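The values are calculated or read from the model by the stated rules, or taken from the named source; none is laboratory data. Note that the coordinates shown come from a computational prediction; the quantities given were computed from them, not determined experimentally. Quick reminder, even Gly has a Cβ in these numbers, built from the backbone with ideal geometry, and neighbours come from all protein chains shown.
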Amino acid sequence: MKVHNKKSNFQVTDYSVSKEKFQLEKHSEFEILETKPQPSLENLPAYYKSEDYISHTDTRRNLFEKAYHLVRSIALKSKLKLINASANSDKTLLDIGCGTGDFLQTALKDNWKVSGIEPNPDARKIANSKTDNAVFDTSQLSKFESKSFNVISLWHVLEHLPDFNEQLAIYKTLLKDSGTLVIAVPNHKSYDAEYYQSFWAAYDVPRHLWHFSQNGMSQLLAKHGFKVVETKPMKFDAYYVSLLSEKYKSGNMNYLKAFWTGFKSNLAAKRSGEYSSLIYVIKKDRNAI
């Protein structure tokens, strides 16, 4: 399966909101790519102001959005199964960047004690309607007691955080010593990333400030006293990302071509392990506690 050779530093367009161009450059410390220039904290929210940003709404305006929500409902069951395997009898969950609260609602129905963090006020309002007001803005992170949670999850969130080092330090404080940190992020070394190059939708600049590889994640987590104990694929992401990438590349989604590219990406990842998105199951490194 032939793909193009991706340059270390290259230019990517914000196709969904501003149409501005950004550079992806190697990070100075970790094996990840960094979006440059990064918007200021004051300007960053403006890049999320789009009706096409599905995770902040519950819209089902077209076939694509209906399919997204169908796949999300399947993914929610898989996510619940994953955290239940880590729970033992302690079902305390903090979901960072919880969007409109569907994962928290799913866990709540399964007798989890849930809390969520969501900076977007509109999404937070929807999430609170589903979780009996268990979702807060980011200031709440400093108000939780240490070692409050057995599971802390970030589903496609870490790539959005300007201060990931500070955030990971906070999560380590909030996580119980035997707890589990679950982080899902896109993988820029996947087949579909290599195939679509600068049109790869999961770059999603400048909302995605960082672009992770498996080595980069391990390096970053080790710095904060964590270790990856398992990685799991998010196979649907290859199809979803390929659909959007086709739209950015050609002006329409080219469903058949996108499906074929997603299929080839998952097939290649069976050998390489480089799926379009990966879930990292993480524990505190007892040698670093």
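Tabulated data
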item: Matching residues, segment 249-281, being hydroxyl-bearing (S, T, Y) and more than 30 Å from Q219 (Cβ to Cβ); result: S250, Y255
item: Restricting segment 237-264 to residues that are touching a Lys or Arg at 6+ places or on another chain (Cβ under 9 Å) and not in a loop (DSSP other than H, G, I, E, B), the residue that is farthest from Q214 (Cα to Cα); result: S250
item: Selection within segment 265-287 - assigned to a loop (DSSP other than H, G, I, E, B), more than 23 Å from I83 (Cβ to Cβ) and either under 22 Å from the mean Cα position of the chain (by Cα) or hydrophobic (A, V, I, L, M, F, W, C) (or both); result: E274
item: Complete set of residues in segment 194-248 that are among the polar types (S, T, N, Q), in contact (Cβ under 8 Å) with a residue 12 or more places away in the chain and under 28 Å from A169 (Cβ atoms); result: S213, Q214, N215, Q219, T231
item: Selected residue (criterion: farthest from the chain's Cα centre (by Cα)) from residues of segment 12-24 that are among the hydroxyl-bearing types (S, T, Y) and either surrounded by fewer than 15 Cβ atoms within 10 Å (Cβ to Cβ) or not in a strand (DSSP E or B) (or both); result: S18
item: Filter result (surrounded by 15 or more Cβ atoms within 10 Å (Cβ to Cβ) and touching a residue at least 40 places away in the same chain (Cβ under 8 Å)) within segment 69-89; result: A75, K79, L82, I83, S86, A87
item: Selected residue (criterion: farthest from Y240 (Cα to Cα)) from residues of segment 167-193 that are assigned to a strand (DSSP E or B) and among the β-branched types (V, I, T); result: T180
item: Output for segment 115-139, where each listed residue is aliphatic (A, V, I, L, M) and over 19 Å from the mean Cα position of the chain (by Cα); result: I126, A134
item: Leading residue by the ranking (surrounded by the fewest Cβ atoms within 10 Å (Cβ to Cβ)) among those in segment 104-128 that are in contact with a strand residue (DSSP E or B) (Cβ under 9 Å, 6 or more places away or on another chain) and more than 19 Å from Y48 (Cβ to Cβ); result: K113
item: Answer residue from segment 135-174, given it is closer than 28 Å to A202 by Cβ and among the small types (G, A, S) and is surrounded by the most Cβ atoms within 10 Å (Cβ to Cβ) among those; result: S153
item: Selection count, segment 25-46, where residues are crowded, with 17+ Cβ neighbours inside 10 Å and either over 25 Å from P119 (Cα atoms) or at pLDDT below 95 (or both); result: 1
item: Residue in segment 72-85 that is in contact with a strand residue (DSSP E or B) (Cβ under 7 Å, 6 or more places away or on another chain), in a loop (DSSP other than H, G, I, E, B) and at pLDDT 85 or above present; result: no
item: Test: residue in segment 230-244 that is surrounded by fewer than 24 Cβ atoms within 10 Å (Cβ to Cβ), touching a strand residue (DSSP E or B) at 6+ places or on another chain (Cβ under 7 Å) and aliphatic (A, V, I, L, M); result: yes
item: Residue count, segment 250-282 (criterion: surrounded by fewer than 19 Cβ atoms within 10 Å (Cβ to Cβ) and within 23 Å of F149 (Cα to Cα)); result: 1
item: Inter-residue pairs, beta-carbon under 8 Å, first at positive phi and in segment 137-154, second not in a loop (DSSP other than H, G, I, E, B) and not small (G, A, S), 6+ apart; result: K147/T173; K147/L174; K147/L175; K147/K176; K147/D177
item: Set G225, G179: member being crowded, with 18+ Cβ neighbours inside 10 Å, over 20 Å from R72 (Cα atoms), in contact with a strand residue (DSSP E or B) (Cβ under 8 Å, 6 or more places away or on another chain) and modelled with pLDDT of 95 or more; result: G179
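Each row is one residue, and each column tells you yes or no for (1) part of a helix (DSSP H, G or I); (2) under 23 Å from V228 (Cα atoms).
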position: A127; (1), (2): yes, no
position: Q140; (1), (2): yes, no
position: F144; (1), (2): no, no
position: L154; (1), (2): no, yes
position: E159; (1), (2): yes, yes
position: P162; (1), (2): no, yes
position: N165; (1), (2): yes, yes
